[in-house]
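Reviewing the structure listed below.
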Amino acid sequence: MKKVLKVMGVALLVMVILIGVFLFWLTHRDASLKENYRDEIQTGGALEASYLKDGPYAASYYEDPAFQVFEKYEISYPAELETENKKYPVIVVCNGTGWKGSLSKAQHKFYASYGFIVIATEETYSWNGFGAEMCIRHLERLNNYQRLNDKENVFYQKIDFDHVGIIGHSQGGVGVLNAITNTEHKSIYKAAVALSPTNQQLAEALEWPYHADQITAPILLVSGAGGGDDWVVTGEGLKEIYDQIPGDKVMMRRTNTDHGRTATAEDGYIMAWFMWQLQDDEEAARAFAGKDAEIQRNPLYQDIQIDLK
């Protein structure tokens with residue numbers, strides 16, 4: 001019996017390692033996002049198409065070195081921040097397996113064009129939300145000091161900690177779930193997006209546990225359907241997460257979209273979600289709220305669930 005259990009244990013370990021390698025490949029198989037990556041995204045609704053266009057702000061970029069595996073903090077932000085005396089909302093990014101923040105700079109600049117300060121790192125093991133926690137701590141430092149490293153700090157008193165969102169894909173989706181439930185600054189998040197978060201059984205096998213029943217921030221759950229690798233989080237797996245969340249939530253699956261492409265394919269609605277939740281954009285709210293919510297009529301999405309109070 002002991003021999004059988006040992007063999008089964010080895011087999012399980014091998015399977016988990018293979019799954020981890022496959023998740024790395026899924027997320028890492030494409031090169032960094034091109035500046036025009038959104039040109040290849042199909043839309044199925046007027047609001048989705050509108051919020052996939054560039055926002056009204058020019059975007060700038062700043063980075064600071066970081067210790068540990070984070071390597072550096074990468075911040076995209078509205079260029080006018082350098083001269084305007086006002087605060088800007090925040091989007092924190094949790095990276096997918098093997099995917100560094102620098103590879104998604106084009107996406108982060110897109111988010112910044114809507115008036116957001118977007119912060120990411122080079123971390124590739126984000127499931128526990130610690131990288132997100134360090135991003136918040138770094139933003140606090142930037143907000144609190146008028147000068148840093150003998151230079152004027154353009155972020156001084158310009159970060160709106162009352163309007164902070166978070167987004168992550170795959171392992172990064174798990175990072176989102178843990179950041180908003182199991183970190184020191186968990187209550188700071190007012191909106192979340194988890195893209196194809198690893199299903200609970202697989203996450204447990206990979207030692208990435210999370211507790212969806214503790215989520216209080218409004219959250220958008222997204223995955224792909226019919227793309228050939230839905231097992232990372234099947235429709236049933238996404239619904240299992242959704243059903244455990246007690247607060248405001250929306251779930252949808254993008255048709256004919258594989259796991260890797262869910263990192264970008266829904267950017268129109270992701271931007272609408274953050275604009276509604278963090279900038280009180282009522283036009284964006286029409287994508288999700290009300291009897292005639294656009295996502296309900298969009299042929300590119302299925303298995304839609306909405307529970308907004």
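The values are calculated or read from the model by the stated rules, or taken from the named source; none is laboratory data. Just so we're clear, the structure is a prediction, and the values are computed from it rather than from any experiment. Note: ideal-geometry Cβ built from the backbone for every residue, glycine included; neighbour counts use all protein chains shown. Please note that ligands, DNA and RNA were not included when accessible areas were found on the heavy atoms of the full protein model with its side chains. Shrake-Rupley method; radii C 1.70, N 1.55, O 1.52, S 1.80 Å.
A few remarks follow.
- Only residues that are open to solvent by 10 Å² or more (accessible area, probe 1.4 Å) and farther than 26 Å from Val118 by Cα were counted across the stretch 259-293, and they come to 3.
- Within the stretch 124-152, residues that are assigned to a loop (DSSP other than H, G, I, E, B) sit with their Cβ atoms under 7 Å from residues that are open to solvent by less than 10 Å² (accessible area, probe 1.4 Å) and of a type in the set (A, V, I, L, M), at 6+ positions apart or across chains, in these pairs: Trp127/Val174; Gly129/Ala179.
- In the stretch 110-123, the residues that are surrounded by fewer than 24 Cβ atoms within 10 Å (Cβ to Cβ), free of Cβ contacts under 8 Å to residues at least 60 places away in the same chain and within 22 Å of Glu82 (Cβ to Cβ): Ser113
- In the stretch 162-176, the condition of being part of a loop (DSSP other than H, G, I, E, B) and buried (at least 19 other Cβ atoms within 10 Å of the Cβ) is met by at least one residue.
- The set of residues from the stretch 218-241 being out of contact with any helix residue (DSSP H, G or I) (no Cβ under 8 Å at 6 or more places or on another chain), surrounded by fewer than 24 Cβ atoms within 10 Å (Cβ to Cβ) and in contact (Cβ under 8 Å) with a residue 40 or more places away in the chain comprises Gly235, Lys239.
- Criterion violated by Lys190 - all others in (1) open to solvent by 30 Å² or more (accessible area, probe 1.4 Å); (2) over 30 Å from Gln279 (Cβ atoms); (3) in contact (Cβ under 8 Å) with a residue 60 or more places away in the chain satisfied: (2)
- Residue within the stretch 61-81 that is surrounded by fewer than 20 Cβ atoms within 10 Å (Cβ to Cβ), of a type in the set (S, T, N, Q) and in a helix (DSSP H, G or I) present: yes
- Ile270 being of a type in the set (A, V, I, L, M, F, W, C), touching a residue at least 24 places away in the same chain (Cβ under 8 Å) and farther than 24 Å from Tyr88 by Cβ: no
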